[in-house]
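J.: Shown below is the structure under consideration.
The values are calculated or read from the model by the stated rules, or taken from the named source; none is laboratory data. All values reported here derive from a predicted model rather than from experimental measurement. Neighbour counts are summed over all protein chains in view; Cβ atoms, including those assigned to glycine, are modelled from backbone coordinates with ideal geometry. Each accessible area value is taken on the protein alone, full model and side chains, heavy atoms only, with ligands, DNA and RNA left out. Shrake-Rupley method; radii C 1.70, N 1.55, O 1.52, S 1.80 Å.
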Amino acid sequence: MNRTMESLIRRAAEDIMERGTAAALTGSGMSAESGIPTFRDKGGFWEKYDPNLYAHIGTFFTDPGKPWQMVKEFDSIARAQPNPGHHALAELERMGYLKGVITQNVDNLHQQAGSSNVIEFHGNMRRAVCLNCRRYYPMEEISLEVLPPRCECRGVLKPDAVFFGEPIPAIALRQAQEASQQCRLMLVIGTSAVIYPAASLPRIAKESGAMVVEINPETTPLTDHTSDYIIIGKAGEILPKIVSEIRTLSRAGKEIPRSR
Ligand code: OAD
């Protein structure tokens, strides 16, 4: 670990402790170390699957087998396990510093790691919904032998994730906006911050007085104008170090103002 990274990790630990109420916004980079490809990096999902053909809601009505081909691949990868970054965020919540995670990810890994307050901004791929009768099915109960899978009513099933052309679920949108307004620090982890409205949440947080701290191996459009600082690195490496720094600081007797 170089000195810059070391001092930024220490700074983030202190900021989280001092600010008391943090929220996290996560993207696909959060799960990269669990073996799930991101969308826009080299080797990412959109390199293999044209999102207009495979990830647009319209395709469920014209050629529903097509999006399911992609979902089938995602489904096998997404049986991945949470990585140390997911576990660190769950730990931050248990310690009383993190109010919740707003995630664009549909892989359920935050929930599996033990985070209890997770806002599923883009839905969750572990469930499917019938486009005809709206019945929900756990993904593991669906056979992907014949595509598209269908409901008992013969309607086409769709993963309960947000596809292009679909709105963000209203409750998730409201909760995410509120969480962004209320937090005093937002960790923005593993997202390229180019897809709206998710990408507007850090700005809402900033304009409401929060500090914005990015964790990402690359800079993003937020880095120069919205973020207070960025810790360049991988979520699965940086987040556990922040948690352990907070523990060290609290053992050293630094005051810990918990969630306000
Ligand atoms: P992207 O693929 O656009 O961005 C992934 C980000 O993760 C990049 O900024 C990477 O630098 C970063 N990254 C890669 N490895 C990382 C690691 N180990 N730790 C931390 N960061 C890492 O994915 P998203 O920003 O999640 O929407 O994409 C947003 C939305 O676009 C997705 O939810 C999806 C997609 O189209 C829908 O499908 C509706």
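J.: Connecting C-alpha atoms closer than 10 Å in a GNM of the chain, tell me which of Gly58, Gly96, Gly43 has the biggest fluctuation.
T.: Fluctuation is largest for Gly43.
J.: Let me have the 222 nm mean residue ellipticity of the chain computed from DSSP H runs of 4+ only, each contributing -39500 (n - 2.57), with the sum over all residues rounded to the nearest 500.
T.: That comes out to -11000 deg cm²/dmol.
J.: Using a Gaussian network model on the chain with a 10 Å cutoff between Cα atoms, which of Cys151, Cys133, Cys183 fluctuates the most?
T.: Result: Cys133 has the largest fluctuation of those listed.
J.: May I pose another question? Quick check: residue separation of Met5 and Arg135 times 0.36 nm, minus the Cα distance between them. What number comes out in nm?
T.: Going from the current span to full extension adds 42.0 nm.
J.: For region 123-231, run through the trypsin sites (Lys or Arg not before Pro) and keep only the ones in DSSP coil with at most 10 other Cβ atoms within 10 Å of their Cβ.
T.: In loop regions of region 123-231 (DSSP not H, G, I, E or B), the sparsely surrounded trypsin sites (Lys or Arg not before Pro) are Arg134, Arg154.
J.: Work out the length of the dipole vector of region 1-52 about its Cα centre, built from +1 on the beta-carbon of each Lys and Arg and -1 on the beta-carbon of each Asp and Glu, and round it to the nearest 20 debye.
T.: The dipole magnitude comes to about 80 debye.
J.: Also: Per residue, how much accessible area does the chain have with a 1.4 Å probe, in Å²?
T.: 46 Å²
J.: Given 25 °C and 0.890 mPa s, how large is the Stokes-Einstein diffusion coefficient of the chain in µm²/s, with Rh as the Kirkwood radius over Cα pairs?
T.: 129 µm²/s
J.: With charges only on Cβ, +1 for K and R and -1 for D and E, what is the dipole size of the chain about its Cα centre, in debye, rounded to 20?
T.: I would put it at about 480 debye.
J.: Report the full-extension gain for the segment Ile77 to Asp63: residue separation times 0.36 nm, less the Cα-Cα distance, to one decimal in nm.
T.: Length difference between fully extended and current span is 2.7 nm.
J.: Among Pro159, Ser31, Pro138, whose Cα lies farthest out toward the positive end of the dipole of the chain, if unit charges sit on the beta carbon of Lys, Arg (+1) and Asp, Glu (-1)?
T.: Going by the charge dipole, the pick is Pro138.
J.: Still on this structure: Working out 0.36 nm times the residue gap between Arg94 and Cys153, then minus their Cα-Cα distance, what length gain in nm do you get to one decimal?
T.: 17.0 nm
J.: Expressed as a whole percentage, what fraction of the accessible surface of the chain belongs to carbon and sulfur atoms when a 1.4 Å probe is rolled over the protein heavy atoms?
T.: The C+S portion of the solvent-accessible surface of the chain is 49 percent.
J.: For region 1-85, would you read off the P(r) tail past 21 Å as a percentage of all alpha carbon pairs?
T.: Here the long-distance tail beyond 21 Å is 52 percent of all Cα pairs in region 1-85.
J.: Give the value in nm², to one decimal: projected area of the alpha carbon convex hull of region 176-260, averaged over all directions.
T.: 5.9 nm²
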